[in-house]
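Chemist: After the structure tokens below, expect a handful of questions from me.
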Amino acid sequence: MRILENARRIREIRIPADKNGMIALDTALQGMQDAETSFDSAARRISQQPAPQPQDTASLSDNAVALIQSKNGFDANTKVAHVADQMTKTTLNMLA
């Protein structure tokens, strides 16, 4: 998860004057971490299930849906982080 690692690094490299800023990036990072946790949890549940029985397909489907939702959540938060990064670059260029 290279994107998540990069977002964590960006979060750590704050400009001292930016104590209250970067809210969008912080929110996106938290969303990516939540999505990663949710994805790992759903994957773990799927891997621990015995071979599916015909009556157990709902449980497997629920976990598959959770995986897809986690991926979509991660993707959405990645886009938010990208937009926040672009906004920061634009602001810095305007001030330079």
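Laboratory data are not the source of any read-out in this text; all were calculated from the coordinates shown. Everything numeric here is computed off the predicted structure, so don't read it as measured data. Positions of Cβ are generated from backbone atoms using ideal geometry, with glycine treated the same way; all protein chains shown enter the neighbour counts.
Chemist: Mind ordering 24-33, 61-70, 40-49 by average Cβ neighbours within 10 Å, highest first?
Modeler: By packing density, highest mean first, the sequence is 24-33, 61-70, 40-49.
Chemist: What order do you get for 71-77, 90-96 when each peptide is scored by the mean count of other beta carbon atoms within 10 Å, highest first?
Modeler: 71-77, 90-96
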